[in-house]
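None of the figures in this text is laboratory data; all of them are computed from the coordinates on show. Source: prediction; values computed, not measured. No Cβ is skipped: glycine too gets one built from the backbone with ideal geometry, and neighbour counts run over all protein chains shown.
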Amino acid sequence: MRHSLRARLTLLFLLLAIAMTLTFVSGMQALMRSGWQEIARPLIANYVDRLTAEIGTPPDVAKAQALTRSLPIRIRIEGPVVNWSSRNGAVEEVRRDRHHRDAARDIDRPPNPWRPTRLLADGHRISFGLASLPRDDTADDAPEDRPRLIGWATLLAMLVLVALAYTRVRALLRPIDEIRAGAIRYGSGDFSRPIPASGHGELGELAQRVNGMADGLHGLLDAKRQLLLAISHELRSPLTRARLNAELVGEGGARDALLHDLAEMRDLIIDLLESERLAGGHAALQTEPVDLNALVRDVVSAQFATRGLGLALDPALPAAALDPTRLRMLLRNLIDNALRHSADAPAAPIVTTTFGADALTLTVRDHGPGVDEAQLPLLAQAFYRPDSARERATGGVGLGLYLCRLVAQAHGGSLSLSNAHPGLQVELRLPR
């Protein structure tokens, strides 16, 4: 409710309709009561007294019949001698206990303005009502129901009007849903489909401006990508020549340091190129049926055989359509990151695979100090590192986890990071 504009507008419309209806009904009732007490009640009371006097004591049925024929009223006479109704004619004699009960009830409750009653000196009671009322005149509260029915009918009409207004407002606000969906697409890097600019109002203009902003951002991102690719490609050739020249340097610490620095530059260029290729998503993959457990064993035995890694592999893990080259890179980065940040930990990192109903899960957990909770959402961003010094020995330049996230997204999966207390746990989920 707090996050849905449509739900809040609906609630606002309903509350407004109910408040307006209650205010209107209460005001009209107060107006009618005030008018009845000040003007109508004395006039009607005087008129009823005249009608009662004309019927006479004891009541004359013939005179009552003449009054009902000439006036739009109903008359009912109840008493020890005469029992007559203008609707049913002569009625059965009313039992004495009911007659006394009705008399006591008339004394206890306030008089009904829509059904005035007069008690005669001989014990008869004459009740008057409007002939236009469709209810049985034995129901004392029938006239009182009419204002209540009018109030409910008014409420229903106002709710219908509110529903129509809400339908119109919903149609007017429909572009907001399209703008929201477009903003989500643009935020994920998908600029292939612009936001439909429906209508010529303010929301249509907003959609056009957002599309223009997205086009500008797309152009900037493409220019940045092309620049990175061009620089990376241009650097590979001189870097290769520099490495060949370094091989000719005599054995010693200076030669080893130079080769190490050149290797790091080569890895950085490879990471940059790979990140730009993976930005194309699934189109950049070369998938084939892959046994994820076998791939994990191959990577660990080939590059981390002496590091004492723990393996907890699900034997029921099925083969899946994956890119083995990109997954090797992902697994190598995750294990290297876990080893780097748990050098003094009491236990070695653990690699786990599990199989769920709809996904394969690969988890790499270390037992190091972990990461501050505020930094967890930022770890998989490009060039982000927890320490600002950016020393290669403590975490590189911040492309490893970013590449892992791109590999996961290119496979249609996800990469999540969480503190395992102790240590950091990285979970890769791949669709089955």
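Evaluate the distance, in nm, between pseudo-label points positioned 7 Å from the Cα of Asn46 and of Phe355 along their respective Cα→Cβ axes.
Taking the two extended label points, one gets 9.9 nm.
Ranked highest first by the average count of other Cβ atoms within 10 Å around their residues, in what order do 338-350, 215-227 fall?
Highest to lowest by the protection proxy: 338-350, 215-227.
Tell me, in nm to one decimal, what length is gained between Leu311 and Leu15 on full extension, where the rule is 0.36 nm per residue of separation less the Cα-Cα distance? Walk me through the numbers before you get to the answer.
Numbers: separation 296, 0.36 × 296 = 106.56 nm, distance 6.03 nm.
Computed gain between Leu311 and Leu15 is 100.5 nm.
By count of other Cβ within 10 Å, fewest leading, how are Trp84, Trp152 ordered?
Numbers: Trp84 18, Trp152 12.
So the residues, fewest neighbours to most, are Trp152, Trp84.
Quick check: from the Cα gyration tensor, does segment 195-342 come out rounded (a/c under 1.5), prolate or oblate?
It comes out oblate by the Cα gyration axes.
Just subtract the alpha-carbon distance of Arg432 and Leu172 from 0.36 nm times their residue separation and send over the number in nm, one decimal.
Taking Arg432 through Leu172 to full extension adds about 89.5 nm, to one decimal.
Under a Cβ-Cβ cut-off of 15 Å, what is the net charge of the residues other than Ser237 that fall near it, where Lys and Arg count +1 and Asp and Glu count -1?
Charge balance in the 15 Å sphere: +3.
What is the order of Val249, Val364, fewest Cβ neighbours within 10 Å to most?
Listing Val249, Val364 from fewest to most nearby Cβ atoms yields Val249, Val364.
So if we plug the beta-carbon distance of Ala157 and Ser26 into 1/(1 + (r/R0)^6) with R0 = 25 Å, what FRET efficiency do we get, rounded to 0.05?
0.90
Rounded, prolate or oblate: which fits segment 284-431 when a ≥ b ≥ c are the square roots of the eigenvalues of the alpha-carbon gyration tensor, with rounded for a/c under 1.5 and prolate only if a/b beats b/c?
Values: a/c = 1.66, a/b = 1.35, b/c = 1.22.
Verdict is prolate for segment 284-431.
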